[in-house]
Amino acid sequence: MSVDNTPHPSVKHCADKVNARYIHGRPESELVPSRYALKVGAIDVMVVSDGVLSLPGAMLGHNVDPAVRAAWLEDRFLPPDVLEWALNVVVVRSGGRTVLIDAGIGMEFPDLPRAGKLAQRLKAAGIDPASVTDVVLTHMHMDHCGGLLADGVKERLRPDLRVHVAAAEAEFWESPDFSRVSMPPGFPDALRRTGKRFLKEYHSQLRTFENEYEVAPGVVVQRTGGHTPGHSVVRLASGGDRLTFAGDAVFAVGFENPGWYNGFEHDPEEAARVRVRLLRELAANRESLVATHLSFPSVCHVAVAGDVFRWVPAFWDY
């Protein structure tokens, strides 16, 4: 594979370019679907949209020839340069506990104005932040923890809130290494700031685990590493039903091209190995998959397609 060394445009440039495509304007943010509920056995699950991120298309695979990447995007009727990435979080209710899995971006990157919608969308869904007993962070990139740093959010959370994160993740953000990422300008500094601020503000509520922890009945968080050293997935199991929230282990391009390196991966080779292992497992056991940056509501299955995989979106269940 050839490496694409083209510099990334700024995020503001990406957002402006996307907006320019809509000459008649966009629908109001609450006129689009923003929550989707389903059951995993006795476990209640709600996928909630935190909005979308306007990012360079090269983020999908910075280790491949730009022409190959552009062809993949064209085959899917997507622009070759700038994409809008979904940003999904999940609310789970099990055994009397209400678990928020990831928290969106908040206001941690002002050039992404169409994200950071978690607080208003939880309210629209009738979910009081004070009812949340546990937060699980798949990792501490700002689009996963920033929502807990938004103005007025912490004051609305319960004082005994437990924030679960892998010990390796908390340790990494004390002095993070960005030597192998390929991010748009401004992102590394913003991620560093958010990580350090989060560790400071939520230090007393952090509950770290080494490799695996059961947060609530049938709700188990497992460290995978790769994307970040402490990146984790959340496995739900109840009554024979199973669903995995994969965080950033899986991106849309990763089904057909699991070896493409996403620009946010701190250890790209390990991230690719994690992705292949997880997709093989999900294809074998036929469980449902939800991931942060798959198109909302992102509920899908994985099928084997030769040496790679096929993304099979679930039919909406009304």
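Residues are listed down the side, and each one gets a yes or a no for (1) within 18 Å of the chain's Cα centre (by Cα); (2) open to solvent by 30 Å² or more (accessible area, probe 1.4 Å):
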| site | (1), (2) |
| --- | --- |
| Arg180 | no, yes |
| Arg207 | no, yes |
| Val215 | no, no |
| Gly218 | no, no |
| Gly230 | yes, no |
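Restricting attention to segment 252-279, the residues that are open to solvent by less than 10 Å² (accessible area, probe 1.4 Å) and in a loop (DSSP other than H, G, I, E, B) total 4. Taking the criterion of being surrounded by fewer than 22 Cβ atoms within 10 Å (Cβ to Cβ) and under 30 Å from Arg162 (Cα atoms), the residues of segment 68-89 that qualify are Trp85, Ala86. Exactly one residue out of Ala119, Ala124 is of a type in the set (A, V, I, L, M) and in contact (Cβ under 8 Å) with a residue 40 or more places away in the chain: that is Ala124. Within segment 236-251, the set of residues being crowded, with 20+ Cβ neighbours inside 10 Å and within 25 Å of Asp307 (Cα to Cα) comprises Leu243, Thr244, Phe245, Ala246, Gly247, Asp248, Ala249, Val250, Phe251. Residues that are among the small types (Gly, Ala, Ser) and touching a residue at least 60 places away in the same chain (Cβ under 8 Å) within segment 97-116 comprise Ala115, Gly116, listed in sequence order.
Looking at Val45, Val18, just one residue is assigned to a helix (DSSP H, G or I), open to solvent by less than 70 Å² (accessible area, probe 1.4 Å) and either modelled with pLDDT of 95 or more or among the hydrophobic types (A, V, I, L, M, F, W, C) (or both), and that residue is Val18.
The requirement of being in contact with an Asp or Glu (Cβ under 7 Å, 6 or more places away or on another chain), over 19 Å from Met59 (Cβ atoms) and in a loop (DSSP other than H, G, I, E, B) is fulfilled nowhere in segment 170-182; no residue meets it.
The values are calculated or read from the model by the stated rules, or taken from the named source; none is laboratory data. Since the structure is predicted, the reported quantities are computational estimates derived from the model, not experimental observations. Cβ: placed from backbone, ideal geometry, glycine included. Neighbour counts: every protein chain shown. Side chains included, ligands, DNA and RNA excluded: accessible areas come from the protein's heavy atoms. Shrake-Rupley method; radii C 1.70, N 1.55, O 1.52, S 1.80 Å.
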